[in-house]
Amino acid sequence: MSTASLGVRAVIALLVVAFAGCATVQQPQRGNLGSDNVEIRECARWFDSLDSAVARAGVADVQARRIDGFPYLRADRFTAAIGESADADAGLRNAWIERMRELDAIGRRVEITNLPAADVEQLGVGDRSAAVSRSQDCAQTLARADMSDSSKVAGLLEQRVGIDDDYSSLKRTFGLYALLKVPFAGGIEDWHEEAVQEFQGSRAGERTGNPLIRYVPPAAPVYTRAQVAEVLNRTSNPLGVPVLSKDERDRLFATYAPVLEVETTGDFDRIGKLFWSAGPAPEVDVSQPTVYRKLAYTRVEGRTLVQLVYVAWMPERPKDDRYDMLGGLLDGIIWRVTLAADGEPIVFDTIHPCGCFHMFFPTPRVEPVPAPDKYEEWAFSPAGLPTIAEGTRLTVSAQTRTHYLSNVWPTRSSEGTQYVFADYDELRTLPLPAGGSRSAFGPDGLVPGTERGEAYLFWPMGIASAGAMRQWGTHATAFLGRRHFDDADLIEKRFRLVE
């Protein structure tokens with residue numbers, strides 16, 4: 001790295017610390033920093049110093065967002081949605097707070113793992129393990145003090161814990177969004193028509209002649225539909241979240257794992273395992289076909305439904321020429337399965353890791369809800385699906401270079417190149433060649449080095465760095481309207497369950 005680059009980074013770090021120091025500390029953290037109770041005061045100071053170290057080092061993790069005034073709590077969009085009912089039910093409220101504590105504990109561990117050794121040493125508690133333990137102990141201390149105070153609990157509830165959306169109203173205002181949404185709508189409609197034609201052609205048997213690689217899930221035990229229903233409904237958790245053992249989780253993912261059929265004309269079309277080398281962005285080891293997996297949840301008709309998320313990374317979307325605005329480092333496919341309580345898939349949907357090209361594939365278990373506005377991207381479905389029979393997988397077919405989906409259909413074939421599973425959270429602490437670790441994602445949730453030229457054209461739509469790859473929880477998926485891949489009501493707003 002050049003001296004100039006180091007200088008720029010130093011200035012940015014100083015600005016981050018300066019702004020952090022100027023920010024208003026919210027209650028109850030402000031009161032805890034001046035508490036007469038030594039244990040409470042020192043724990044509040046611990047989180048203050050840890051947050052400053054994380055900000056200076058640029059290793060903040062935003063998969064779950066921090067809650068102002070409560071440094072031991074974080075929330076994702078599912079948890080925030082649950083909070084709307086937490087004030088009326090003590091059991092639900094306690095479970096809601098506990099989930100936010102768990103999300104913070106995970107985020108803290110990620111940030112401490114990625115802190116440079118010198119920053120860990122300056123914390124004055126020993127090694128990383130000691131810093132994690134200190135965070136856990138202090139979270140318990142502050143939570144015990146805050147949650148036993150009804151006024152502080154009321155303050156948390158009154159916050160209406162929410163997640164800021166990933167759109168800039170300021171950009172939309174200065175970018176004349178109200179006027180530009182009309183031509184943008186025309187461009188989106190053109191893409192919809194092209195995608196429908198591609199799916200129709202593929203289902204009619206049309207082939208490009210490009211070589212195919214068919215990636216299939218690893219051989220592993222799977223569940224029957226009845227067993228899935230039993231696992232999903234075995235919970236006493238007020239949030240409705242099933243408590244799964246590692247084996248149950250593994251079998252659940254294995255049961256619904258997709259087959260990926262990719263036109264392959266170069267290594268840029270192959271899937272693999274992410275790693276850090278010397279480049280500006282994480283790289284993909286295509287010798288290890290890998291699909292990352294993540295458990296997620298949505299709310300439908302007052303009930304929590306489980307979602308299985310599968311993420312395949314590719315080295316790049318190659319540029320067609322120097323003027324190609326969509327090409328750049330890293331690309332991929334995110335595939336999600338939403339399960340009914342009886343274990344049957346009801347809706348499948350997909351995006352690229354940039355949040356782009358959101359498609360829905362509903363089954364006969366749901367019917368679509370009309371869009372509220374013609375200038376809002378709602379629930380584009382290029383093709384429907386039949387009822388998914390037990391023992392059937394879906395094959396997801398993608399084109400070469402662009403990795404646009406061209407078909408989705410049921411299959412029972414298991415022939416092909418086996419991929420392996422990896423947990424999505426591994427991406428938050430990837431090893432560095434010289435030791436230590438670094439997240440694949442920056443503190444803004446973007447994957448560094450994956451910027452696209454389209455960002456210069458699409459900024460009036462209010463999305464930061466449109467086209468860049470993103471972390472879970474930061475996928476804005478619509479240029480028109482506001483929509484996130486992890487919105488807790490995404491499915492419920494767009495589809496009605498059919499009995």
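Kindly indicate which of Gly384, Gly445, Gly416 is surrounded by fewer than 19 Cβ atoms within 10 Å (Cβ to Cβ) and farther than 21 Å from Pro217 by Cβ.
Numbers: Gly445 fails: surrounded by fewer than 19 Cβ atoms within 10 Å (Cβ to Cβ); Gly416 fails: farther than 21 Å from Pro217 by Cβ.
Only one candidate passes the filter, namely Gly384.
Of the conditions (1) aliphatic (A, V, I, L, M); (2) buried (at least 19 other Cβ atoms within 10 Å of the Cβ); (3) at pLDDT 95 or above, Leu232 fails just one. Which one is it?
(3)
In the list Ala145, Ala139, which residue meets the criterion of being buried (at least 18 other Cβ atoms within 10 Å of the Cβ), farther than 23 Å from Gly445 by Cα, in contact with an Asp or Glu (Cβ under 8 Å, 6 or more places away or on another chain) and modelled with pLDDT of 95 or more? Please lay out each step first, then the result.
Values: Ala145 fails: in contact with an Asp or Glu (Cβ under 8 Å, 6 or more places away or on another chain).
Result: Ala139 is the single residue among Ala145, Ala139 that is buried (at least 18 other Cβ atoms within 10 Å of the Cβ), farther than 23 Å from Gly445 by Cα, in contact with an Asp or Glu (Cβ under 8 Å, 6 or more places away or on another chain) and modelled with pLDDT of 95 or more.
If you go through region 325-342 one residue at a time, do you hit one that is farther than 19 Å from Tyr297 by Cβ, surrounded by fewer than 14 Cβ atoms within 10 Å (Cβ to Cβ), more than 20 Å from the chain's Cα centre (by Cα) and hydrophobic (A, V, I, L, M, F, W, C)?
Kept after step one, since they are farther than 19 Å from Tyr297 by Cβ, are these residues of region 325-342: 325-333.
Within this subset, residues satisfying the condition of being surrounded by fewer than 14 Cβ atoms within 10 Å (Cβ to Cβ) are none.
Within region 325-342, none of the residues are farther than 19 Å from Tyr297 by Cβ, surrounded by fewer than 14 Cβ atoms within 10 Å (Cβ to Cβ), more than 20 Å from the chain's Cα centre (by Cα) and hydrophobic (A, V, I, L, M, F, W, C).
Assess whether Thr265 counts as being of a type in the set (Ser, Thr, Tyr) and either within 23 Å of Glu367 (Cβ to Cβ) or assigned to a strand (DSSP E or B) (or both).
Against the criterion (of a type in the set (Ser, Thr, Tyr) and either within 23 Å of Glu367 (Cβ to Cβ) or assigned to a strand (DSSP E or B) (or both)), Thr265 does not qualify.
May I ask you to say which residue of Val222, Val241 is in contact with a strand residue (DSSP E or B) (Cβ under 9 Å, 6 or more places away or on another chain) and β-branched (Val, Ile, Thr)?
Working: Val222 fails: in contact with a strand residue (DSSP E or B) (Cβ under 9 Å, 6 or more places away or on another chain).
The unique qualifying residue is Val241.
One line per residue, one yes/no per condition, for (1) in a loop (DSSP other than H, G, I, E, B); (2) over 21 Å from Val447 (Cα atoms):
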site	(1), (2)
Val25	yes, yes
Asn32	no, yes
Glu39	no, yes
Glu42	no, yes
Trp46	no, yes
Ser49	no, yes
Val54	no, no
Asp61	yes, no
Ala80	no, yes
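Can you say whether Glu367 is assigned to a strand (DSSP E or B) and charged (D, E, K, R), as far as the supplied structure shows? Let's see the steps before the verdict.
Values: assigned to a strand (DSSP E or B): yes; charged (D, E, K, R): yes.
Yes.
Can you work out which of the residues in region 61-118 that are within 20 Å of Asp486 (Cα to Cα) and without any contact (Cβ under 8 Å) to a residue 24 or more places away in the chain is surrounded by the fewest Cβ atoms within 10 Å (Cβ to Cβ)?
Ser85
Being closer than 14 Å to Thr79 by Cα and of a type in the set (Gly, Ala, Ser) is the filter; apply it to region 284-309 and report the residue that is surrounded by the most Cβ atoms within 10 Å (Cβ to Cβ).
The qualifying residue surrounded by the most Cβ atoms within 10 Å (Cβ to Cβ) is Ala296.
Here are some conditions: (1) out of contact with any His (no Cβ under 6 Å at 6 or more places or on another chain); (2) hydrophobic (A, V, I, L, M, F, W, C); (3) more than 18 Å from Pro372 (Cβ to Cβ). Leu490 meets all but one. Which one does it not meet?
Only one criterion in (1) out of contact with any His (no Cβ under 6 Å at 6 or more places or on another chain); (2) hydrophobic (A, V, I, L, M, F, W, C); (3) more than 18 Å from Pro372 (Cβ to Cβ) is unmet by Leu490, namely (3).
For region 144-152, state whether one or more residues are basic (Lys, Arg) and assigned to a helix (DSSP H, G or I).
Residues of region 144-152 that are basic (Lys, Arg), as a first pass: 144, 152.
Pick out the ones that are also assigned to a helix (DSSP H, G or I) and you get 144, 152.
Yes, there is a match, as at least one residue in region 144-152 is basic (Lys, Arg) and assigned to a helix (DSSP H, G or I).
Would you mind finding the one in Leu92, Leu103, Leu73 that is more than 17 Å from the chain's Cα centre (by Cα) and modelled with pLDDT of 95 or more?
Numbers: Leu92 fails: modelled with pLDDT of 95 or more; Leu103 fails: more than 17 Å from the chain's Cα centre (by Cα).
One residue alone meets the criteria, Leu73.
Checking the conditions here, which among Ala195, Ala220, Ala185, Ala178 is at negative phi, surrounded by 18 or more Cβ atoms within 10 Å (Cβ to Cβ) and among the aliphatic types (A, V, I, L, M)?
So the residue among Ala195, Ala220, Ala185, Ala178 that is at negative phi, surrounded by 18 or more Cβ atoms within 10 Å (Cβ to Cβ) and among the aliphatic types (A, V, I, L, M) is Ala195.
Would you check if Thr208 is crowded, with 17+ Cβ neighbours inside 10 Å, in the same structural domain as Thr400 (by TED's automatic domain parsing) and either in contact with a strand residue (DSSP E or B) (Cβ under 9 Å, 6 or more places away or on another chain) or assigned to a loop (DSSP other than H, G, I, E, B) (or both)?
no
What are the pairs, 6+ residues apart or on separate chains, where a residue within region 149-163 that is over 14 Å from Asp87 (Cβ atoms) has its Cβ under 6 Å from a residue that is in a helix (DSSP H, G or I)?
Final answer for the pair search is Gly162/Ala80; Ile163/Arg77; Ile163/Ala80.
The values are calculated or read from the model by the stated rules, or taken from the named source; none is laboratory data. Quantities reported herein were computed from a predicted structural model and do not represent experimental measurements. Cβ atoms come from the backbone with ideal geometry, glycine included; neighbour counts cover every protein chain shown.
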